[in-house]
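One structure is given below, encoded as structure tokens.
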Amino acid sequence: MKNFSVFLARVMVTSTLIAAAVIAFGLIWFLVTHVGAPPGDHLFSGEPKYFRDPLDMVWRALDLSAVGHRRGLIMIGIVLLLLGPVLRVGLAAWGYWTERDRLYAGVSAFVFLVLVVSFFW
Amino acid sequence: MNEPLFDIAVACAAFLAGVLGSMIGLGGGIIITPVLVLGFGIDIRYAMGAALCSVIATSSGAAAAYLRDGISNMRVGMFLCTATTVGAVCGALVASRLNTSALSIIFGGALLVTVLLSVRAKKEKPLTDAESDPLALRLRLNGSFPTADGEQRYGVAGVIPGYLLMWVAGLLSGLLGIGSGAFKVVAMDQVMRIPFKVTTATSNFMIGVTAAASVGIYLKKGYLDPALVAPVSLGVLAGAFLGARLLTVVPVALLRVVFLFAVSVIAVQMIARGLGFQIG
């Protein structure tokens, strides 16, 4: 399990750094395109639909013509950040399974399921 | 103030929250939310969403270091995550039904409890296998961790009460957008009697997984504003990284007293705000 822990640690750091890089890039892009715009966080309106549906969000961000929606890239970074723990738990389930530890493969699979279901509630 | 300036100010505040949070051991998430609400006038739901994302980022970094050192107990962490993730989903669903005043009051209360929990004394030696909960043996929760004198075995007590407390910790995490590390540590350290070092390491792993369970719901409810999440999570992440390194050079004991007091004042302000008063 020791080697697997080291592997898991590497996955955690890498996924976090990639996500942080995407968010940073998206933030810079967003700021550059919004110089002079008023901030919009004081009143809660809920985010528009395309920021609440992960799939829709990806399409939106890839649509380069939508200049007003540059926030989409940040959103992809955020989703990457959030997928990090999901990936980790999934890998742990797989790791336990290969060690024939049925009990903890099951426990990890349950946690994985809760995470996936919450994401697509 | 325009958007870029506003975001830079938020990022700086988040950076400071990250430094302080990691130095006094509260975590950046629970500090940044009141700062955003009281200092920047941001809606508490957006603040919670941004804080929760920052919690995932910092917990991943910290947990990775412990995991590599072989200190955290993956079986305990995964087992208790079945309680915290379910609790977190419940908490996030409840949060979406509460108004901002109720959220402010509950947040302030949880912040006060967190401060109280973090000033309590640490203690005693690890349990043996014979002293541990029979259920812990069946679940193979007992483990060992490396110390200067070789591997130290430890047992785990109070599995069921610990599990129930973890559900509550998860609930608070989802309800308030915090890591609820202090509550997780109490459940493992005080109730399950796991050595403190293992407890902190394992709770770091659990914090990220727990937060991930409620963040999907926050996303659906529209609590994640990219223009706020980005500066907050990057700021807290960078701040926590620096804070962990400053720990060795700065007189932490005095800082702790000063900032725990400051955080208590902030907690009271959050409660006052929820009740409709404006102070300070």
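The values are calculated or read from the model by the stated rules, or taken from the named source; none is laboratory data. This is a predicted model, so every value here is computed, not measured. Note that we place each Cβ from the backbone using ideal geometry, even for glycine, and neighbour counts take in every protein chain shown.
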Subset tally (residues that are under 26 Å from B:D225 (Cβ atoms) and of a type in the set (A, V, I, L, M, F, W, C)) for the stretch B:53-74: 5
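Quick grid of which residues meet (1) within 14 Å of chain A (Cβ to nearest Cβ); (2) more than 16 Å from the chain's Cα centre (by Cα); (3) at pLDDT 90 or above:
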{"position": "B:M166", "(1), (2), (3)": "yes, no, yes"}
{"position": "B:G174", "(1), (2), (3)": "yes, no, yes"}
{"position": "B:M192", "(1), (2), (3)": "no, yes, yes"}
{"position": "B:A213", "(1), (2), (3)": "yes, no, yes"}
{"position": "B:L228", "(1), (2), (3)": "yes, yes, yes"}
{"position": "B:G243", "(1), (2), (3)": "no, no, no"}
{"position": "B:V250", "(1), (2), (3)": "no, yes, no"}
{"position": "B:F259", "(1), (2), (3)": "no, yes, no"}
Of residues in the stretch B:176-203 being touching a Gly at 6+ places or on another chain (Cβ under 6 Å) and β-branched (V, I, T), the one surrounded by the fewest Cβ atoms within 10 Å (Cβ to Cβ): B:V191
Check on B:A50, over 21 Å from A:V117 (Cα atoms) and surrounded by fewer than 20 Cβ atoms within 10 Å (Cβ to Cβ): no
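Test B:S22 against the criterion of being at the interface with chain A (Cβ under 10 Å from one of its Cβ atoms) and either under 26 Å from B:L260 (Cβ atoms) or buried (at least 21 other Cβ atoms within 10 Å of the Cβ) (or both), and give yes or no.
no
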Output for the stretch A:95-121, where each listed residue is within 9 Å of another protein chain (Cβ to nearest Cβ), out of contact with any helix residue (DSSP H, G or I) (no Cβ under 7 Å at 6 or more places or on another chain) and not in a helix (DSSP H, G or I): A:D101, A:F120
Any chance B:Y218 is modelled with pLDDT of 85 or more, surrounded by 24 or more Cβ atoms within 10 Å (Cβ to Cβ), in contact with an Asp or Glu (Cβ under 9 Å, 6 or more places away or on another chain) and of a type in the set (F, W, Y): no
Residue count for the stretch B:176-190, restricted to those that are touching a Lys or Arg at 6+ places or on another chain (Cβ under 9 Å) and either at pLDDT 90 or above or not hydrophobic (A, V, I, L, M, F, W, C) (or both): 3
Pairs with Cβ under 8 Å, 6+ apart, first in the stretch B:134-163 and at positive phi, second assigned to a loop (DSSP other than H, G, I, E, B) and not basic (K, R): B:G158/B:D133; B:G158/B:M192
Set B:V168, B:V198, B:V186: member being touching a strand residue (DSSP E or B) at 6+ places or on another chain (Cβ under 6 Å), assigned to a helix (DSSP H, G or I) and among the aliphatic types (A, V, I, L, M): B:V198
Pairs with Cβ under 7 Å, 6+ apart, first in the stretch A:94-110 and within 21 Å of B:A213 (Cα to Cα), second charged (D, E, K, R): A:Y104/B:R75
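Residues checked against (1) modelled with pLDDT of 90 or more; (2) surrounded by fewer than 24 Cβ atoms within 10 Å (Cβ to Cβ); (3) closer than 19 Å to B:T210 by Cα:
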{"site": "B:A14", "(1), (2), (3)": "yes, no, no"}
{"site": "B:I44", "(1), (2), (3)": "yes, no, no"}
{"site": "B:S54", "(1), (2), (3)": "yes, no, yes"}
{"site": "B:T82", "(1), (2), (3)": "yes, yes, yes"}
{"site": "B:A88", "(1), (2), (3)": "yes, no, yes"}
{"site": "B:A92", "(1), (2), (3)": "yes, no, yes"}
{"site": "B:I105", "(1), (2), (3)": "yes, yes, no"}
Residues within the stretch A:71-94 that are of a type outside the set (A, V, I, L, M, F, W, C) and more than 9 Å from chain B (Cβ to nearest Cβ), tallied: 1
Search result, residues across the stretch B:75-91 that are at the interface with another protein chain (Cβ under 7 Å from one of its Cβ atoms) and more than 28 Å from B:A230 (Cα to Cα): B:R75, B:M78, B:F79, B:T82
Conditions (1) without any contact (Cβ under 8 Å) to a residue 40 or more places away in the chain; (2) more than 9 Å from chain A (Cβ to nearest Cβ); (3) among the hydroxyl-bearing types (S, T, Y): number failed by B:S54: (1)
Restricting the stretch B:63-74 to residues that are more than 8 Å from chain A (Cβ to nearest Cβ), surrounded by fewer than 24 Cβ atoms within 10 Å (Cβ to Cβ) and not charged (D, E, K, R), the residue that is farthest from B:A211 (Cα to Cα): B:I71
